[in-house]
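Since the structure comes first, as structure tokens, the remarks are kept for the end.
The values are calculated or read from the model by the stated rules, or taken from the named source; none is laboratory data. This one's a predicted model, so the numbers in the text were calculated from it and none came from an experiment. Methodologically, a virtual Cβ is constructed for each residue, glycine included, from the backbone with ideal geometry; neighbour enumeration extends over all protein chains shown. What goes into the accessible areas is simple: the full protein's heavy atoms, side chains included, and nothing from ligands, DNA or RNA. Shrake-Rupley method; radii C 1.70, N 1.55, O 1.52, S 1.80 Å.
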Amino acid sequence: MIRTAAPADVPVIHRMIHELAEYEKAAHEAIATEEQLRAALFGEQPAVFGLIAEDDTTGEPVGFALWFLNFSTWRGSHGIYLEDLYVAPTARGGGHGKALLLELARIAVERGYARVEWSVLDWNRPSIDFYKALGAVPMDGWTVYRLTGEALTAAGSADPGR
């Protein structure tokens with residue numbers, strides 16, 4: 001079963017984010033706190049949205065998807081950017097990941113959004129194969145760039161008139 005995340009889900013989402021970061025060999029980068037997640041998901045102006053996958057038998061959360069809106073200037077409409085999708089190892093193969101993605105697709109279609117997109121690590125062959133089986137295609141020719149840390153601070157402090 002897939003449902004919209006609720007404030008009571010924040011601790012389990014936080015735990016699963018850390019599990020995902022460990023799987024992606026980047027545990028040291030997962031520094032978000034429960035308070036930050038709660039504010040982003042359920043604050044005055046939520047900027048992130050969440051879905052929870054529950055075990056069909058126990059009702060316990062076994063996965064999540066966190067997403068936000070982006071915008072296509074070429075299409076003139078919003079899209080969904082899937083920031084994270086995670087299913088606990090013990091629940092993989094049970095259809096939870098597919099159900100989460102299909103729910104995001106349903107939301108996009110229902111709201112008239114142009115696309116659902118996300119990033120996947122090049123070495124994550126099981127996820128790549130899974131996404132391709134759903135009909136997703138890689139965006140060859142595009143490279144993700146990121147400005148963070150000291151470079152972000154320097155750029156954000158620069159005089160834009162120069």
Worksheet, complete the sentence: Here the residues within region 115-149 that are hydroxyl-bearing (Ser, Thr, Tyr) and out of contact with any helix residue (DSSP H, G or I) (no Cβ under 9 Å at 6 or more places or on another chain) are Ser119, Thr143, Tyr145, Thr148
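Table: residues versus (1) open to solvent by 60 Å² or more (accessible area, probe 1.4 Å); (2) at positive phi; (3) within 16 Å of the chain's Cα centre (by Cα).
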residue: Ile13; (1), (2), (3): no, no, yes
residue: Ile17; (1), (2), (3): no, no, yes
residue: Ala21; (1), (2), (3): no, no, yes
residue: Lys25; (1), (2), (3): yes, yes, no
residue: Glu29; (1), (2), (3): yes, no, yes
residue: Thr33; (1), (2), (3): no, no, no
residue: Gly43; (1), (2), (3): no, no, no
residue: Ile52; (1), (2), (3): no, no, yes
residue: Thr57; (1), (2), (3): yes, no, no
Practice prompt. Residue by residue through region 1-11, note down the ones that are crowded, with 17+ Cβ neighbours inside 10 Å and under 21 Å from Leu102 (Cβ atoms).
Written response: Ile2, Ala5, Asp9
Discussion item. Condition first: at pLDDT below 95 and among the β-branched types (Val, Ile, Thr). Now tell me which residues in region 1-57 satisfy that.
Written reply: Thr57
Worksheet item: Given the structure, is Ile2 touching a strand residue (DSSP E or B) at 6+ places or on another chain (Cβ under 9 Å) and touching a residue at least 60 places away in the same chain (Cβ under 8 Å)?
Response: yes
Discussion item. So if I check each of Ala114, Ala30, which one is within 24 Å of Thr143 (Cβ to Cβ) and either in contact (Cβ under 8 Å) with a residue 40 or more places away in the chain or among the aromatic types (Phe, Trp, Tyr) (or both)?
Written reply: Ala114
Discussion item. Can you tell me which condition Phe68 does not meet? The list is (1) open to solvent by 40 Å² or more (accessible area, probe 1.4 Å); (2) closer than 20 Å to Pro126 by Cα; (3) under 16 Å from the mean Cα position of the chain (by Cα), and all the others hold.
Written reply: (2)
Discussion item. Looking only at region 75-94, count every residue that is open to solvent by 40 Å² or more (accessible area, probe 1.4 Å) and within 30 Å of Thr58 (Cβ to Cβ) and tell me the total.
Written reply: 6
Worksheet item: With (1) among the hydrophobic types (A, V, I, L, M, F, W, C); (2) farther than 19 Å from Ile2 by Cα; (3) more than 15 Å from the chain's Cα centre (by Cα) as the list, and Ala47 as the residue in question, which single condition is left unmet?
Response: (3)
Worksheet, complete the sentence: So, first residue closer than 16 Å to Leu82 by Cα in region 125-137, second residue surrounded by 10 or more Cβ atoms within 10 Å (Cβ to Cβ) and of a type in the set (Val, Ile, Thr), Cβ within less than 8 Å, six or more apart or across chains; the pairs are Ser127/Val120; Ile128/Val120; Tyr131/Val120
